[in-house]
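Worksheet for the structure shown next.
The values are calculated or read from the model by the stated rules, or taken from the named source; none is laboratory data. Values in this document were obtained by computation on a predicted structure and should not be read as measured data. Neighbour counts are summed over all protein chains in view; Cβ atoms, including those assigned to glycine, are modelled from backbone coordinates with ideal geometry.
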Amino acid sequence: MASDMRAHPWMANSAPGVIDEMLAAIGAASVKEVFEQIPEDHFRKTPLDLPPALTSEMELRRDLVSKLKKNLSCEDNLSFLGAGVWQHHVPAVVDEIVGRTEFATNVWGSYQSDHGRNQTWFEFSSQLGALLNLDVVQLPVYSWGCAIGHAMRMAARITGRSKVLVPAFSDPERLSVIRTYCQPMEMQTRIEVVEVAADPTSGRLDLGDLADKLGEDVAAVYFENPAYLGTIETGAAEIAKMARAAGVETVVGVDPLSLGVMTAPGDYGADIVTGPVQPLGVHMHCGGGAGGFIASRDEERYVRAYNGFLVSVVETREPGQLGFGLACPHQNSYGMRENGNDWTGNSTYLWAIAGAVYMSLLGPEGFRELGQLIVSRARYAAKLLGEVPGVRIVWPDTTFKEFVVNFDDTGKTVAEVNDALRARGIFGGKDLSGEGLGLGQSALYCVTEVHTANDIRRLADTMKEILA
């Protein structure tokens, strides 16, 4: 009994007597009384089968390190995974600057404790706006999926409509987040999510099906360019024209690194643009380097619909000096709590600083060179893989950095191929066979600037070996 009363080494509130003190402070007779609003059938009936607590920091560290060593990293293995978190080169100076105390420890605070943070955020928004050819860029939200969800709700607020159209060939993870933001159909403020069919010959939106589904109840049509499966939406301007004729907002998702070689979404009629910030100088962090931006034209109906922080600039009394601060802060959840446009948080703002540094290092010419390099290496990889017996590239020569590889004619599943590759130090593409896309045994492969010609030849040669 005495051992049960001993404090857990890593939980301060587990010390004997602490729970009684807390209950006395709030006037509750027991812990059960505190949680009485939770239905009885929601409680676990059997205790968790947990290992004994490690009582020393030395033991804990050894146990944790031994578990972490079981991970296989993209530093020690050749990786062709993408689909939302991509392996790109992060210049050392990006890490140096985001690690400075005035940024890393000053996530939030008063204007007096700004230390250049607001100016750096403004630089992020300005540079990204130049890439997108749009004027307003909000500070990043938690993920690209969250950014899309917020954009859908923005469109619903702007139009007063309650239906959005999305591609059938969508990333299931992002689509799940979109559906969460649009809320269950039982809720009064729900937004209906309707899928638009894909043209099986190109992977792009089926414009006939889109025309059939556009109507007076549709708030937005969403598509990605490049899309989830890597395809480039060559009919983007036509989609925006069709949407505008129906009074529908055009929401576009875009990889910012593609904008050195692809038309800016602001130039083909996008109203609201979203995308990931992770490619802009953020490490993969085991999938934790995520964040999503939202951008639009500088029109009041869009600015008033944002849910998060907009950073602006103004002249000061001192000639030549500028002040940086938040614009329209009252309309988010920090300014109006539950009456704000949407809930927002501040966990990804450090990545805006990383993005500002990264974009300033590349500049316009750097983005062009990087985009050309990625396209050429991805096309080279698709060409070599397409020459492997039994392997087929779906929609060849229509992609940016990701492309679909089909293994139906090899007699092997994607899982079997990936297991064999992993045994040889290679991470194969994301398995698409269970996503209901009708693509059979296919995988999504990603090639970026970090992959050399030798890396690509190694992949192709290894593929030939395991499929022989």
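Structure notes:
- Sole residue being closer than 26 Å to residue 438 by Cα, touching a residue at least 60 places away in the same chain (Cβ under 8 Å) and part of a strand (DSSP E or B), chosen from 193, 251, 166, 221: 251
- Any hit, region 30-50, residues being in contact with a helix residue (DSSP H, G or I) (Cβ under 6 Å, 6 or more places away or on another chain) and at negative phi: no
- Only one of 392, 368 that is in the same structural domain as residue 455 (by TED's automatic domain parsing) and under 23 Å from residue 466 (Cβ atoms): 392
- Any hit, region 270-284, residues being part of a helix (DSSP H, G or I) and surrounded by 16 or more Cβ atoms within 10 Å (Cβ to Cβ): no
- Residues being crowded, with 18+ Cβ neighbours inside 10 Å and in contact with a strand residue (DSSP E or B) (Cβ under 8 Å, 6 or more places away or on another chain) - total across region 452-468: 2
- Within region 50-62, the set of residues being modelled with pLDDT of 90 or more and not in a helix (DSSP H, G or I) is empty.
- Selected residue (criterion: farthest from the chain's Cα centre (by Cα)) from residues of region 285-304 that are more than 23 Å from residue 353 (Cα to Cα) and assigned to a loop (DSSP other than H, G, I, E, B): 299
- Selection of first residues in region 325-348 that are under 21 Å from residue 183 (Cα atoms) and of second residues that are modelled with pLDDT under 80 and of a type in the set (Val, Ile, Thr), restricted to Cβ pairs under 6 Å at least 6 apart or on distinct chains, gives the following pairs, ordered by first then second residue: 332/344; 333/344.
- Residue tally, condition aliphatic (A, V, I, L, M), surrounded by 14 or more Cβ atoms within 10 Å (Cβ to Cβ) and in contact with a helix residue (DSSP H, G or I) (Cβ under 9 Å, 6 or more places away or on another chain), over region 358-374: 4
- Pairing each residue of region 299-314 that is surrounded by fewer than 21 Cβ atoms within 10 Å (Cβ to Cβ) with any residue that is aromatic (Phe, Trp, Tyr), provided the two are 6+ apart or on different chains, yields C-beta distances under 6 Å for 313/122; 313/324.
- Residues that are over 12 Å from residue 167 (Cβ atoms) and touching a Leu at 6+ places or on another chain (Cβ under 9 Å) within region 220-234 comprise 220, 230, listed in sequence order.
- Residue 95 under 20 Å from residue 276 (Cβ atoms) and either modelled with pLDDT of 90 or more or in a loop (DSSP other than H, G, I, E, B) (or both): yes
- Filter result for residue 320 (modelled with pLDDT of 95 or more, in a loop (DSSP other than H, G, I, E, B) and surrounded by fewer than 24 Cβ atoms within 10 Å (Cβ to Cβ)): no
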